[in-house]
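The values are calculated or read from the model by the stated rules, or taken from the named source; none is laboratory data. All values derive from a computational prediction rather than experimental measurement. A quick note on method: Cβ atoms are made from the backbone with ideal geometry, for glycine too, and the neighbour counts reach across all protein chains shown. For accessibility, only protein heavy atoms count, side chains too; no ligands or nucleic acids. Shrake-Rupley method; radii C 1.70, N 1.55, O 1.52, S 1.80 Å.
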Amino acid sequence: MKDARIDRRLFLRGIGGVTAGVAAATALSACGTGSSRSGAGSGGKGGKTVVVRDSGGSYGAALQKAIYTPFTQETGISVKVLNLDDAPLLAQIKQGRPQCDLINNSMMSHTKYVAQDALEKLDLDRVKSVKSAKIPENQITEHAVGSSFYGACLAYRTDAFGGKKPQSWADFWDIKAFQGGRSMCNPDGDLPELEFALLADGVPMDKLYPLDVDRAFEVLTRLRGDIKKFWDSGPLPGVLLSRQEVTMSTVWDGRIADLQKQGVPVTRQLNGMRRQFQGYAIAKGAANADAAYQLLDFSLRAESQAALAKAFPSNPSSPLAYEKLTEDERNALAGAPKYYDKGFDTDIDWWLRNESAVTKRWLEWARG
């Protein structure tokens, strides 16, 4: 299963020049994979179609149930879905022939697209739900709007520490009080987890950025011998915890609920959670821009975000969406008001400037 959060690895592998992406896009079109532009005028009551890119898997299925189908029912506009990675999609846009109109991607990826002039500048007057859903101002940019977030946090086995409960990243680093192996992500899974090391070392959450990289790696080194595995996919931390290969792991916040339903003695700790937002943008040169605006507006509604949260462990960006959930549904989400102040937003600008250098250093550190 693909995951929305894995797309970032393609940027680490040098897609800036998009040469390889052009070849990939050409091959993709030749073999007929993805949604065809030739179908853009068919389907729906009004004969209109919008093509949206998402990452597929269970997230894509939830989007279909909570967003795309209700949108078509309301507007008569058919939604075609394209599961395409960033490199070929960017190549298509560079060629002036994007296969999709609306792009669902991380806000960090959208920022990278902007640097390559691959997104339309948004006319926010056409997206009424930005105001009606009270989307946070820091998730509204000239080219993209944040619709949800995922949080990287701490997960642990509840039967591992004699009743003691880890409360912070300092406890994650405290092998004496909380014995057992650890797992953290590698750069194929997510951004290197420097922020957690700094929080463990006493840096206040509101003073993290700019990150002190040297200090972070010094703290990471203290734990290196106890990290049994670096995970590169969303399900793996849960597998390691279930098998008791580790007692604590970093994890994406929505990955624990299914394990708990299966009776695995695990839970999460949201103190120091790192938030990264997902959102929507319109591809440069989109053939169905009007329909893309309509789907964008529909997706950002508080009702739509709440519906998606019921279908997938997605944390709405709209504070009003949480009011449309039951108390149990709301409190299961890391974005619930009672938890929100426990976490922090990733500084995208800092990571865009430093991601390549930090990743190179991380790989050397992990091998060392």
field: Sequence of Glu142, Glu193, Glu120 from largest to smallest accessible area, 1.4 Å probe
entry: Glu142, Glu120, Glu193
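Dividing the Cα radius of gyration by the Kirkwood radius, what Rg/Rh value follows for region 95-153?
Dividing the radius of gyration by the Kirkwood radius yields 0.98.
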- line: Bounding extents of the chain in its principal axis frame from Cα atoms, largest first in Å, are 65, 47, 36
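Take every Cα-Cα pair in region 177-306 and report what % of them are more than 26 Å apart.
Numbers: 3380 of 8385 pairs.
Value for region 177-306: 40 percent of Cα pairs lie more than 26 Å apart.
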task: Report Rg (one decimal) and Dmax (nearest whole number) for region 271-368, counting Cα atoms only, units Å.
output: 17.7, 53
message: Placing +1 on the Cβ of each Lys and Arg and -1 on the Cβ of each Asp and Glu in region 323-368, which of Thr346, Leu333, Thr359 has its Cα farthest towards the positive end of the resulting dipole?
response: Thr359
Two-decimal Rg to Rh for region 223-263 - Kirkwood Rh, Cα set: 0.96
With eigenvalues of the C-alpha gyration tensor scaled by 5 and rooted, region 41-123, Å: 23, 15, 11
Antiparallel content of DSSP bridges confined to the chain, in %, to 5: 65
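Roughly how big is the chain's charge dipole about its Cα centre, with Cβ charges of +1 (Lys, Arg) and -1 (Asp, Glu), in debye to the nearest 20?
On the way: 47 positive and 43 negative charges, 136 e Å.
Using Cβ point charges on Lys, Arg, Asp and Glu, the chain gives about 660 debye.
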task: For the chain, report the accessible area per residue in Å² (1.4 Å probe, heavy atoms, rounded to an integer).
output: 42
- prompt: Just going by the charge dipole of region 125-220, with Lys and Arg at +1 and Asp and Glu at -1 on Cβ, which of Val145, Gly163, Leu211 is farthest out on the positive end?
  reply: Gly163
- request: Taking H placed 1.01 Å from N in the peptide plane, check which residues at least 5 places from Lys80 or on another chain put their amide H under 5 Å from its amide H.
  value: Val50, Val51, Val52
Computed P(r) (all Cα pairs; region 114-242; 10 Å bins; percent): 10, 31, 28, 19, 11, 2
field: Portion, in percent, of the accessible area of the chain that falls on carbon or sulfur, probe 1.4 Å
entry: 49
- prompt: Roughly how tilted is helix 86-95, in degrees to the nearest 10 and between 0 and 90, from the longest Cα axis of the chain?
  reply: 30
field: region 300-356 - charge dipole about Cα centre, Lys and Arg +1 at Cβ, Asp and Glu -1, debye rounded to 20
entry: 140
